[in-house]
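The values are calculated or read from the model by the stated rules, or taken from the named source; none is laboratory data. Keep in mind the model is a prediction, meaning the values are calculated, not measured. Methodologically, a virtual Cβ is constructed for each residue, glycine included, from the backbone with ideal geometry; neighbour enumeration extends over all protein chains shown.
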Amino acid sequence: MSRLKFKLLAETENSKARATEFRTLHNEVQTPIFMPVGTHATVRAQRPETLETLKFPILLANTYHLMLRPGAEVFKHFGGIHKFMSWPNSVLTDSGGFQIFSLENSRLMTEEGARFKSYVDNSTQVLSPEISIATQKAIGSDIMMVLDQCIPSTAEEKEAKLAMELTHRWAHRSLVARGDSPQSLFGIVQGACFQGLRRQSADTLTQIPFDGFAIGGLAVGEGKSEREDLTEFTAALLPKNLPRYLMGVGTPIDLLEAVHRGVDMFDCILPTAMAQQGVAYTSQGKFDLRRGVYRFAEEGLDPECPCPTCQKHSLAYLYHLFQVRENLGWQLVGQHNLYFYSALMKEMREHILQNTFYEYYLRQRKVLVQTDPLRPPKNTVPSKRKRVISRILNDHEICENPSGSFSIRHNPSGEVMHSVNDPSSEAEALYINQSKLISKLREDSEEPLRVWDVGLGGATNAMAAIRAYEMLHSSGKERLRPLHIVSFENNLDSLKLALKHPNLLPHIRHPGPSTLVEFKEWNSKKTSLQWTLIEGDFIETMKSAPNPDVIYFDPYSAKTNTSLWSLECFQNIHEKCRDQSIELYTYSSSTAVRAALLGAGFFVARGVGTGPKSETTVALSQLALEKVFSFSLLSSQWLERWKKSHTKFPVDVPESAHQDFQERILNHPQFAKSLRVFRTHKLC
């Protein structure tokens, strides 16, 4: 029998929407319900009094973060999270499965659980079903979640099946660990985007006496329509007499669509996370309060909202707060967004109880997708004559690749940027995926991740990084580390040419590149993303540039940019960043370039093959080597080939210095026996 004393009060015609109620250890809960996310026992930028005024019956906190800081012993001392954070109503704790999934390259999954490095003190931690439940019991949450293995929703069926089966075994262990605690426990249905697996997962878990069920593994890569179809399919497999919870979703339109499909409970960071970006959700649609159109707007944000933000402050004032980056803007808009979410859920419940939800749904699904109602109309008058734009600008020309995509060629040298594959796909494989940019952005840090983009060219690599960040941000699943891209270039003709041909080079369809050309900097209005342009000679300008974490090294070859492939250049980079963890990625795999990187002090590895090259190159500082174990370092076999090479010296090493340089390479610690033992030990 469920600990929640669940009641199904109403269902509605032409929809699967339903109104229910249940009772936790602290209060009665009426659904549909949205639960604000208080990851660290606080909803970001919001006072507890605001949340009480809104009468949110449940807040969500996260087991993974709370077990690391402040730790289970603190909650035991205070008698639970309610007293610790002075919160009178219910708390639901996530198990930590999604956060473990987000670590990707710094965790090891086993039958026992997940082994990972703490972001607090770098200690090794284990999160098993038993530890997760023990921590949640110490936190004292009203509703606990089983530990599950979350994977991308786009995973292959074999991988999804293995993760689902592990989740089922962990679910049994979680229930046993709960014991006779009065806290409720929810199972989590997994199965990625495979209906057969979803059905199997629901069939298995509903045989276990959980107090409710969650739909997990969505909003992590799949499209909106696919998510909605899977939500409806899975919700229909769950018992009618228990709560249904869709984890990590989402925007107001997402909530409306999921309620229509039979879901009761939701959580997401979006109301406060988007508020930090100046985005407000209203009864008239979504507003971006950083747009200049609101500079003189005297009216309030939402005429139908009774919240203090809407009653006391004008759109112009909110616009001003975001222009000066005042935290009060985040707090006020976050307060409004929470008011709006609370009112939206209550409104949906009322229409379900009155059996008018379907008509309401049809109206609201049009309103909730509107964006910036005060946006001035676009000029849609077609030009009388189509202007032909030249594909040539000075020394650069747009040319077609064998794949049918387009790239930029430097005519004097004949070199083509990304000469075979689609430029964006190649940039993603060589730089974004290989550097594990997404994993780095998920690190819990307020410091920006800084990427040097050496050789801006047509902005293909920089835009690949920006698109990856924006796509990750759009999921709304987590708070991301800020990203600062610093692009170096001494000739902007490639970028200016690309901007003239967005039909041929679609990666350029973005406000960033044109703003960068005009103002030398672009700051995203939606995310914590900054893009800076530094013009001039790289070897000189890099000296005053902010130090990088990752370097995408992509200038034209030594034939055209001789100085950038020199020992001097790589020595300057290494000297500037010698006490940091630095990873450098480049398309070149030439012997001379690899020797120059080794001679500068880097550790050098083979990179992925891309385009016409069977492999590329990765260079790591000493500190990076201690953190990164996924690359194959150049071995003694490469060293033997290097000795026999006719091009083994960097372009700027004179013949008189060949012997000294050769000794430097032969004595490099990369080829020492102790390093091989170190690497083998670490990999094991």
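Looking across region 534-579, the residues that are surrounded by fewer than 21 Cβ atoms within 10 Å (Cβ to Cβ), polar (S, T, N, Q) and under 15 Å from A619 (Cα atoms) come down to Q571, N572.
Which of the residues that make up region 589-622 are among the hydrophobic types (A, V, I, L, M, F, W, C), in contact with a strand residue (DSSP E or B) (Cβ under 7 Å, 6 or more places away or on another chain) and part of a helix (DSSP H, G or I)?
Going through region 589-622, the residues among the hydrophobic types (A, V, I, L, M, F, W, C) turn out to be 592-593, 595-598, 600, 602-605, 608, 618-620.
From the residues that got through so far, the ones that are in contact with a strand residue (DSSP E or B) (Cβ under 7 Å, 6 or more places away or on another chain) too are 593, 597-598, 602-605, 608, 618-620.
Scanning region 589-622 gives V593, L597, L598.
Quick check, is F116 within 18 Å of R442 (Cβ to Cβ), at pLDDT below 95 and part of a helix (DSSP H, G or I)? Step through it out loud before you land on a result.
On the way: within 18 Å of R442 (Cβ to Cβ): yes; at pLDDT below 95: yes; part of a helix (DSSP H, G or I): no.
For F116, the condition - within 18 Å of R442 (Cβ to Cβ), at pLDDT below 95 and part of a helix (DSSP H, G or I) - is not met.
For V74, indicate whether it is closer than 18 Å to I131 by Cβ, without any contact (Cβ under 8 Å) to a residue 12 or more places away in the chain and not small (G, A, S). Considered against the rule, which asks whether it is closer than 18 Å to I131 by Cβ, without any contact (Cβ under 8 Å) to a residue 12 or more places away in the chain and not small (G, A, S), V74 comes out as yes. For region 57-76, the criterion of being exposed (fewer than 15 other Cβ atoms within 10 Å of the Cβ), within 23 Å of M345 (Cβ to Cβ), in the same structural domain as M247 (by TED's automatic domain parsing) and out of contact with any Lys or Arg (no Cβ under 9 Å at 6 or more places or on another chain) is met by none of the residues. The set of residues in region 122-163 being under 24 Å from L197 (Cα atoms), buried (at least 17 other Cβ atoms within 10 Å of the Cβ) and charged (D, E, K, R) consists of D148, K161.
Does S2 satisfy the condition of being of a type in the set (S, T, N, Q) and touching a His at 6+ places or on another chain (Cβ under 8 Å)?
Working: of a type in the set (S, T, N, Q): yes; touching a His at 6+ places or on another chain (Cβ under 8 Å): no.
Here the answer is no, as S2 does not meet what is asked.
The set of residues in region 411-444 that are among the hydrophobic types (A, V, I, L, M, F, W, C) and within 17 Å of I582 (Cα to Cα) comprises L430, I432, L437, I438, L441. Of the helices (runs of 4 or more DSSP H) that lie entirely inside region 425-500, those containing 1 or more residues that are touching a residue at least 24 places away in the same chain (Cβ under 8 Å) and acidic (D, E) span 460-474, 493-500. The residues of region 220-250 that are over 21 Å from T20 (Cβ atoms) and touching a Cys at 6+ places or on another chain (Cβ under 8 Å), listed by number, are V220, E222, E226, L230. If you go through region 174-210 one residue at a time, how many are more than 21 Å from E159 (Cβ to Cβ) and not hydrophobic (A, V, I, L, M, F, W, C)? Qualifying residue count for the region: 11.
Any chance region 291-298 includes a residue that's in contact (Cβ under 8 Å) with a residue 40 or more places away in the chain, buried (at least 20 other Cβ atoms within 10 Å of the Cβ) and among the basic types (K, R)? Looking for residues that are in contact (Cβ under 8 Å) with a residue 40 or more places away in the chain, buried (at least 20 other Cβ atoms within 10 Å of the Cβ) and among the basic types (K, R), one finds none in region 291-298, hence no. Identify, from the list R178, R173, R244, R169, the residue that is under 25 Å from R115 (Cα atoms) and in contact with a strand residue (DSSP E or B) (Cβ under 8 Å, 6 or more places away or on another chain). It is R178.
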